[in-house]
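Here the structure comes first, spelled out in structure tokens, and everything after it is commentary.
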There are 2 protein chains.
Amino acid sequence: MEFKLEKLEGYTPQIGHLVTQMEYARKTTLEAVTGLTTSELDFLPIKDGNSIGALLLHIAAVEKGFQIEIFDGRSPNEQEMAEWGAPYSLGAEGRKSIKGYPLEYYISKLEDVRNRTMSEFAALNDDWLYENRVWDHHPSNNYFIWFHVFEDEINHRGQIRLIRKMLTHK
Amino acid sequence: MEFKLEKLEGYTPQIGHLVTQMEYARKTTLEAVTGLTTSELDFLPIKDGNSIGALLLHIAAVEKGFQIEIFDGRSPNEQEMAEWGAPYSLGAEGRKSIKGYPLEYYISKLEDVRNRTMSEFAALNDDWLYENRVWDHHPSNNYFIWFHVFEDEINHRGQIRLIRKMLTHK
């Protein structure tokens with residue numbers, strides 16, 4: 001397998017770089033959860049912590065949230081809040097509602113959301129990437145925000161690896 | 001504060017992008033450990049896990065390792081192995097040797113290593129970033145390898161945040 005950060009067919013140059021980074025992050029996330037059972041996905045590392053399942057859905061929720069904000073230019077509607085609110089915010093609501101699902105459930109959510117990002121990216125260009133956009137009350141641009149999407153995923157992939165290790169020490 | 005991925009003064013355009021991502025990752029790592037005491041830095045989340053201190057030194061060790069390989073074009077010498085081998089590999093050796101240090105010790109190691117990377121980057125250009133280089137037995141390039149350096153840091157920052165949360169549940 002080849003791991004290069006460079007131009008990528010189907011995308012403008014910088015969007016290609018971003019896609020490579022996002023897809024590498026995703027590959028490692030999926031590797032980190034391979035073979036986990038429902039009860040392993042539901043395991044809480046600490047009482048007020050998050051399960052691996054909740055973290056997986058959170059990764060999809062963060063990407064979904066920025067799709068709605070950036071591609072659709074609006075806030076989440078009621079139906080989207082009902083589906084994505086808990087995994088986006090994690091915590092108590094997430095612990096209550098995100099459990100009992102097999103690994104395939106999470107993978108399919110991740111894929112559905114990612115597919116839209118990729119098709120939007122294919123139709124956008126590098127100028128768009130550098131357009132200013134507020135992020136978390138700070139001046140930012142689209143490029144940085146999508147960097148944040150994959151860096152948040154990598155952060156949680158690290159946690160998933162640690163929680164998986166804890167599973168063998170229960 | 002402004003968070004934009006774009007050209008950065010003092011670096012060629014793509015190196016500037018890389019520096020912004022590396023420095024953002026570092027900022028969040030340092031925020032994640034603010035105020036930790038020596039005993040908190042030594043705390044093991046699981047018996048065969050890694051302390052926050054060991055993870056901080058590991059982050060510096062990974063960067064140091066790629067400096068030696070890429071900037072110096074050689075393998076680590078005996079003295080470098082003695083200093084960086086344990087934090088690079090983590091595990092039992094790390095648990096034995098990395099403890100008893102205050103936060104400042106780790107921060108100063110991180111800064112020393114980072115300073116060299118930044119001064120090397122200032123003298124390099126984007127062509128160098130796209131030069132082929134083998135990474136972990138795979139065809140890769142300098143750009144991807146340095147992406148890996150900061151993505152590995154973010155992975156461990158995620159773990160540090162979780163371990164810190166576990167500290168309050170001991």
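The values are calculated or read from the model by the stated rules, or taken from the named source; none is laboratory data. Predicted model only: the values in this text are computed from it and were never measured. Glycine gets a Cβ as well: all are built from the backbone with ideal geometry, and neighbour counts include every protein chain shown. Remember, those area values only see protein heavy atoms, side chains included, never the ligands or the DNA or RNA. Shrake-Rupley method; radii C 1.70, N 1.55, O 1.52, S 1.80 Å.
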* Structure fact -> The condition of being among the small types (Gly, Ala, Ser), surrounded by fewer than 21 Cβ atoms within 10 Å (Cβ to Cβ), in contact (Cβ under 8 Å) with a residue 40 or more places away in the chain and over 24 Å from B:His148 (Cβ atoms) holds, among B:Gly91, B:Gly100, only for B:Gly100
* Structure fact -> Per the filter on the stretch A:16-67, residues touching a helix residue (DSSP H, G or I) at 6+ places or on another chain (Cβ under 8 Å), charged (D, E, K, R) and closer than 21 Å to A:His169 by Cβ are A:Glu40, A:Asp42, A:Asp48
* For B:Ile145, which of the numbered conditions (1) more than 9 Å from chain A (Cβ to nearest Cβ); (2) under 26 Å from B:Tyr11 (Cβ atoms); (3) of a type in the set (A, V, I, L, M) fails to hold? -> (1)
* **Out of A:Thr28, A:Thr12, sole residue that is more than 14 Å from A:Leu167 (Cα to Cα), at pLDDT 95 or above and within 14 Å of chain B (Cβ to nearest Cβ)** => A:Thr28
* Yes or no: B:Arg114 within 27 Å of B:His17 (Cα to Cα), of a type in the set (Lys, Arg), open to solvent by 70 Å² or more (accessible area, probe 1.4 Å) and modelled with pLDDT of 95 or more? -> no
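Of the residues A:His156, A:His169, only one is of a type outside the set (Gly, Ala, Ser), within 18 Å of A:Ile46 (Cβ to Cβ), surrounded by fewer than 17 Cβ atoms within 10 Å (Cβ to Cβ) and facing another protein chain (nearest Cβ under 8 Å); which?
A:His169 is the lone residue from the list that is of a type outside the set (Gly, Ala, Ser), within 18 Å of A:Ile46 (Cβ to Cβ), surrounded by fewer than 17 Cβ atoms within 10 Å (Cβ to Cβ) and facing another protein chain (nearest Cβ under 8 Å).
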